[in-house]
Every structure is written in structure tokens, then in C-alpha cells.
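Report on the structure given below.
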Amino acid sequence: MAEVSTLMTQAQKNGLISWIHENARKIFAITVQCRLEVTYLVLCMLHFQQCGFKDTRLPVGNPRPPDKMSQPPVPPEYFHEDIWSRSMMYDFYDKQWKYLAPVFTPNQYNYNLSPACILPFTSRSGQPKAGPFGTVHRVKIHNFWDQTPEQVPSRENIEQATKQLRGLADALHHLHEFDIEDSDRAELREKSNSDPSSVPAVRVNDSLTPTPDSSRRGRNRVNDEHNEVGDYANVADEGSIRHGDLKPENILRFSGQIQGLGVLKIADMSLAKRHSFATQMESSKMGTRFDAVRYEAPEAVTNAHGARSRLCDIWSMGCITLEFVIWILYGNDELINFNNQVDLLDVVRTKLLVVDLPPNRPPSTTGFHGLAPPGPDGEKKLQRATAAQLRDALHEILAKLKGWELLVDNRIPEKLATQQGFQALSHQSPVRARLCKRCLMLDFWLGGFGFNDKILDLQERSTICDFCKMLYEVCMEKGEDQADIVRFTRNQSTLILANSEGLPAFSIFRSPQLKPPFEVQIGLPELPVAGSDIFFEIIKLWLEDCVANHPLYQIVAQDRFPTRVIDIGTLDNPQLRLLETSEEGISCRDYIALTHPWGDPEKSPPYSTMRKDPSGAGREIENFKKSIPHEQLPQTFKDAVFCTRALKIRYLWIDSLCIIQGEDGDFNEEAKYMEDVFSGAYCVLAASRATNRHDGFLGPRLHRTYVTFQRGSEMPFYMCRSVDNFSQDVIEGSLNRRGWVLQERALARRTVYFTENQTYFECGNGVRCETMAKMHNHMADFLGDPNFPDKAMRTPSRALKISYFQELYRQYSRLAFTRYEDRPFAIAGLEKRLQKAFGIEGSFSVFYDGPDGGLFHRSLLWQRGEQPEDEAVLTPIDFPIDRNIKVPSYLTGTVRDFNTAGRKRDEVRLRFDVEKPATDGQRAQCVVFAKEREGRSDRDKRHYVLLVASTQNTTEHGEKVYKRIGAGFMSGKYIALDKPGIMVKIY
């Protein structure tokens, strides 16, 4: 070794060490195990370096191949004959397998492995299964070699899975109750054409297709002895059908019809039985495979010799649904989290995997046993659901996933009634509702209350009954057919139109004095006048409740108070002036911030603070520090002042008045502190109903329809058309399409939204409505977190955290700006929070978390949205010179050619910044930023690329200038990776 060291310079030693570390760590370890002397070990590694023998060239072939079909022998150029004998080469060949255990990934199905390869299996479970083509073992892969990513449930995955399960339940219901009218068949066919994901998913086994010789009243029987079902489309008069063999293998997935999960259909009707005949399977004539036993109901054992009912299928659906849940979650940790958010597991526990059958359901044949008697003292026992009940339960889950759940919470209305008297929550209208005899007899307080109605009957009674009129109007709005029969059911304090999506049809509110047998929301059928005393008492109670009961959402003492606030004075001494907080003392640190739309500045110049007002109107900072003329304020600003005084807060912050506007203003400096302004505010007032600063937000609200029910001397309750729609009124409203509002909502501790329908209050504990209802979203977006992004960072999955990051920017890219150059600043506060949470640095939406972090590459490889509402052209931001904004001007990368001709599906996905990019006649090229880490060769790995094109410009040093034109990914085989590429600057 001394001789070798003498011959090598320090730079050569360092170079060899670096080469081994980067290219030949496995080869070095194998060579060490071959027990070469140290001098020969160094010489071998030098020789390997010169020959280009890297880890990627492993495995080497057997130097003593047992047959001609083995791998080619060890390449002689790698193993110098002066060092390596044939036995030593075989020793290298034998020891290499310890370092070449394959890594299994979900992206690769076939693995061509040597028989000598050591497989990373830690255990075998069960007996091997032998077949005509070989033997299959079930094994467990060691976690280190299993690169299958941890799957976490997303809103889309859960919604798709639940939707498909609902389709299967609907299909099973139609199979069990096979008496569909012709009009229903036509509706199903029409539904199939319009929405394949919601089709009742029954598929007849191909072996049961009718033949030309079919007869017997239009039916084809495959096995008459066992009453097998053939072409059951014509047997509506022959009773219902039990499937008899439901299991995952008999549910087919059709992936080509819609995106995502696809469409699931029940298949293999070979064991189906018509329920009007004896339905006992005779195992001696047609048995069930052993792998289906696990899906059989317990009565298959407890009632082995009796007939089986359709509820056997429900038990099987319970097993399938449970496996669906596990499939969604892919792990026990997320199973616990999922169980706290949605109700699929509860459906399985209380409706499907239940031994007891309903006592009021008739047996399928005489002699059937096993119906459950009532419990002791008439106690209601859990009983297995029917297919229709399963379908309805899954439908309720879908409604929760898609929208907001209405919760019963009477703390606020009870406080209001105590402070203001019961009359504050009592309806004062002297007009009694007109009710028909049927509606007078409805008992809404019955457990499981619901009723059916023909729409034609509702239409007829609508002329004499106010409630029937409301029911009929709801059916027409939901697009129900006049000939349909509809069902309404009560769920807590709402009335729901069965099988409809979106809001509940009605909200049920009671008077404070009425005491029904279960919790019903105390609420207001008619909203108070906006700006009235009772109106502000409700808002005060919301704010006081959050301050007193939600410690996690309290305002942390800010080191920096806003630079300026508007001092509105007191009730005894009202004033209006701009206050420089660094120059004057403040009486308290509570202030209210206003978020509002600016409107079109060309149609209506903004009312703002200037250093020198060029219009001569005197809107200058020195004047406003003395007094702001109240009569000159736009209506939205006047309403904000009025609200702030009514809530007894001294200071108000409005962006256009508290930030000096114009070329010599301080917007660039103040924009850095938007995080502090909105997170430090006592609350934020959101002018959601306004379209500009002149509209105001305290105008009259839309009137809603309701019916008063009052029996005898009882206190009344109210059936009201539902108007509690936070998603439509706020999230999808015009104000929330404004770019600045995304950040303002996420950073605010508490926000009061003034909409056309009603006023809402949002904090981290959910949403409260002026009607007194409370709303909560089970899959709430992390922007509703007042401690943003604390909720998102609680997940242990880094992949999920990054997906939150990407979704934030995807949503932000769709928002509008009055001044397009504001786009980097309107999200700067959120970026500061994200950088702090991830422990990284960055600016202008570029996050640097190291070469292997993931966020850096993703922030550079952003893509234009693909939805119809997304812009087809992304306009580069051209910052005005007077704003003196400095941003990163270029990045350096290696440009390579690519050719995607002959590409296969999922191998290439490129998205251009504009649909037809102008490249000045130059071909598009790419810069590789990242690639898959493990598994396949570089040719087959997915490479994430920035798309660029050269321009006619050059730098001052004569270098060619490239510009970005898109981003995406492609397999390595389509990129010229075998060529060195060109290092360029991309502007």
C-alpha cells in the first residue's frame, strides 16, 4: 500500500474515493469481502475506475456457467489476470448477490432475476398454491426493499370509492327488488348514458346470454333445476333475485369509461337464485369455492339446511366494503385517522356485518329460521340493513364528503335568548300556515321519520298547502320527473330529499321553549335586519365564544403592529383619522381588518391614501392624519366603520387607506407584513357580497320561504328552505376569486363574511350561520386553519405535505388581480408560514430545500392548469420600473434534446405554458431536474423536465439565452442522456 500511495497524489486519492462513493460502493464492498491485500484492493479499484466498471454493470456473469442459458461470463477487461484468478472471480460472482437484492416498486411488474439472486423476503405465510404452470408462495417483503409509497386517503379517492359502493348497493337493490317499471328502466338507461359512474352496476355473466331458442315466457334458464337466473331483464313478474356469490373477484372494474377508479359492476350471476323459489344451494350439485367462504353470512353455518335470504348478499357487501376501506387507507395509522373523519366503518359495523336480521322482514321460504327477536325490555337491536338502506347510508356519506355537515349546537342561540329574551328568537308573523290534512298529521319527532310522496300529488295539493308547495318546488329544482315518487327523511335538524346531492332540502328550527325528544337546532326562520342591534349581538356572541373557548386560535402577541390604522374614536367621541402607530400611542392592540374587492379602477378610481394627490381631492396622508371625511368614504368603507364601532373596537385597517398608494407609496414594503396584519387582527370583515368599494355589505338579504308548524298550545317550530351554503356563498363567491383573499382567509384567526343570503362566522372550529346553524367540513381544506399550515404539517407523510403545497399554488394560479404584478406579493405571507413550517428558505414561490428535498424541483416545474376555467395563456409578470422589484433573473441548467416519437401511454406528459408556444423556429429542448430514485434503469425511469427553447438574444458575454416554455415528465429513453448537453442560462 505504501508503494501505491507513493505513486498517487492526494488529488488522485480524493478522486478515487469520490468515484467509489458515487459510482462503485457495492463493487468496493464486494471486493473487500474477497479478502484481497490492501495494495491489490487499491489497484483493483483504480483498474475498475479506468475500465468504467460501476455498480450499474452488476451483476456479473458466472465465470463457471453451468449451462449455455446462463448469464455471460465475467468480462475479462474488468478483472485483471495479474490479480484475479478464476476462483477469485467466482468468489466475486458469488458474493455480489448479497448487495443485489431487488427493490420492488409499484411501477414495475416483471422482474428478470437470476436464480442466484437473494430475495428480500422475511417470511412466508400459508401453504403454497400449486397450479399447472408453477407454484405460488405468499411472502412478506422487508420494509427496506419495499418502495411501495404509503397511500393516504384523499378526498377524491374516498369520494370515488364511496360513489362506486353506492352504485353497487343500488344495483343490489334493483336485483333484490326486481319489479322495476318500464319508466324506471328508461330512467336508468338515460342515467347510464349521462353519468356512467352512477349506473346501477349489475352485469350478467356472459354464460347467461339468451339464445335464439329461449322460450318459457321470454326467459332463458341455464339450470332449471336450481332456478338459475339467465336473461333476467324480462322476469319482473317472477319475484326478486339473490346473487349468492358476492366477493371481490365477482366485481369487475371498467377503467376506460371515466377517470379515476372507473366503474364497478357486479358480475358472475351463475349462482343467482330467484327469490320467489326455494333458494338453498345444494353443495353436492353446485358448490362454492373455498375462497368465497370468508364472504358468506353466518346463517350459512347456523342455518346450513335452510333457505337463504337476500340478506346473505348484504353480509357479503359488508365484507367487500370493509376491504374497500382498507384498500383506501393502505395502513393502520391512516385507518384511525380515516375512522375519525368518515362513516364507512360505521356503516360496516352497524348495517352490514350484523348477525341479527330484521324481525319484520318475511322469510324467503317457509321453514326459514334465524330472525332476531326484540331485545330485553323492547331494546332496539342492531339489525342487518337492506340494500336500499345501505345505498341511502352511503349516499349520506357522499353528501358529507362533497359538502358541509350541519351540526346541532344550541350554545349560541341559548345565550342570545338569555341576553335578549325569548322574543329575539321567536317568529312574530301573525299569518298561520295553510296545511293539508296529511301535513297536519306528520310527526317529525318520530325516530327515523320519513315520508313518500308522488310529485303529481304534491303539485295538486300545492294550491291549498304551503308545505306541499315548498316540497313541490324543491322537487322541481332538483330535476325530479313529474311521474316520480320521492322520499323525504329527517336527519337531525334537516329534512333531506333522498338520493339528491348538495344541501339538505330544509332546515328544521325550533323555538327556545319547545323541547322535542331529541336535539333540534334553535334558529331564526327570518333573519334580523342587517345592522340592527340583534344582528350585531349575534356577531359579538360568535367572537366572544371563540375567544373564550378556542385557545388554539388566539392571537399571539405581535412584535409589529400595523404601520397605520384608522382611529374611529368611540361612541361618545366618534372620529375618523389615519394613525401612524410609530408616532402615536395606541390605547389597545385590538383592531379589525377589512377584506374587500377593489373593482375596476378605470370605471371607479380607488379611494386611497397618497403622498401627493394628483387629482387635487386632498386624499393625502398628512390630511388623513388629521381627519378622513366620512361623507367621502365609499359605502363599503362606511359599513366597515359602522361594524367596527358596533363591535366596540377602536381601530380599523383598510389596505387602500393604511398603505400609501402611488409611485412614491410604500406598498412594496408593507406587502411584506400582510401575514402580521391579518393574523394579528381581532377579526376580519369580508365584504363577500360586494363587487366594488361602492356596493357596501349591509344591505337587505334575500328572503327565504318557511312554514310554521304549531299544534295546539305547543310552541312552534319552523320548516325552512335551506340557505346555509358556505361553499356557494363564500368559497365560490366573487370575493374569493380575488387573488389577495386566499392569503387573507388563511391567515385570519376569525372572519365574518357578509353575503347576499346571510352572515357567516369562520374560525378553526368550523362555520356558524346567522340562521344559528353550525357547519363543519369533514375534509376541510387546510386553508381553514387559523394557525396555517399547522393542521397540514401534522401528517407524518411528506408526500401529503407536498401535495398540500402543490394544491395551494394550483388554486392560487386561478385567482384574479386588479394589478397583475401583485401576484407574487399576495401569497408572500403564506410562503413565509410554509418556509417556517418546512424549515427552508425561498422567495417568489421558489422554495429551496436541498437537491433531494422535493419542493425546490416542484416549485420550478409548475404547470399551467388543465381545467376548462384555467387560462390557456400564462402572461409573464412585467413589473413596473417604478416599483423597483428585484426577482431572481435566471437559472442555470443543462439543455438536452428529446424525441417522444413512438411514446406509450403514461410514459410522457408535457404541458406547455401556452397552447401553441412561440419558439422562434427553434425546437423545444429540455432540462432534467429530477428522476425516479430506485427501480428501473435510467432509460425507463421517469424524468421530470423543464421545457425550454433558445431565443434570438444573447447575454453580454455572447451566451445564448433560453426561455421556459413548459414542464412535464418523460421516460429517459426519449431524452438524449448519452450526450453531454449544453450548460445554459434560462431567463
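General remarks:
- Extending 7 Å from Cα along the Cβ direction at His550 and again at Leu891 yields two label points whose distance is 3.8 nm.
- Apportionment of accessible area to carbon and sulfur, the stretch 573-653, percent (1.4 Å): 48
- Pairs from Lys98/Lys973; Lys931/Lys985; Lys26/Lys931; Lys129/Lys163; Lys469/Lys515 whose Cα-Cα separation, in the structure shown, is over 25 Å: Lys98/Lys973; Lys129/Lys163; Lys469/Lys515
- Within the accessible area of the stretch 890-986 (1.4 Å probe), percent carbon and sulfur: 43
- For the pair Glu622 and Lys13, the difference between a 0.36 nm per residue extended length and the Cα-Cα distance amounts to 212.1 nm.
- Using the average count of surrounding beta-carbon atoms within 10 Å as a protection proxy, the listed peptides 709-717, 93-101 rank, highest first, as 93-101, 709-717.
- Taking the 1.4 Å solvent-accessible surface of the stretch 405-510 as the whole, the part contributed by carbon and sulfur is 52%.
- Ranked by the mean number of other Cβ atoms within 10 Å of their residues, highest first, the peptides 383-393, 483-493 fall in the order 383-393, 483-493.
- Rounded Å value of the spacing that divides the Cα centres of the stretch 923-948 and the stretch 431-504: 59
- Principal axes of the stretch 890-986: Cα extent on each, largest first, Å: 44, 28, 19
The values are calculated or read from the model by the stated rules, or taken from the named source; none is laboratory data. Bear in mind the structure is a predicted one, so any value in this text is a computation, not a measurement. Every residue, glycine as well, gets a Cβ built from its backbone with ideal geometry; the counts of neighbours run over all protein chains shown. The area values use the complete protein model at the heavy-atom level, side chains included, leaving out ligands, DNA and RNA. Shrake-Rupley method; radii C 1.70, N 1.55, O 1.52, S 1.80 Å.
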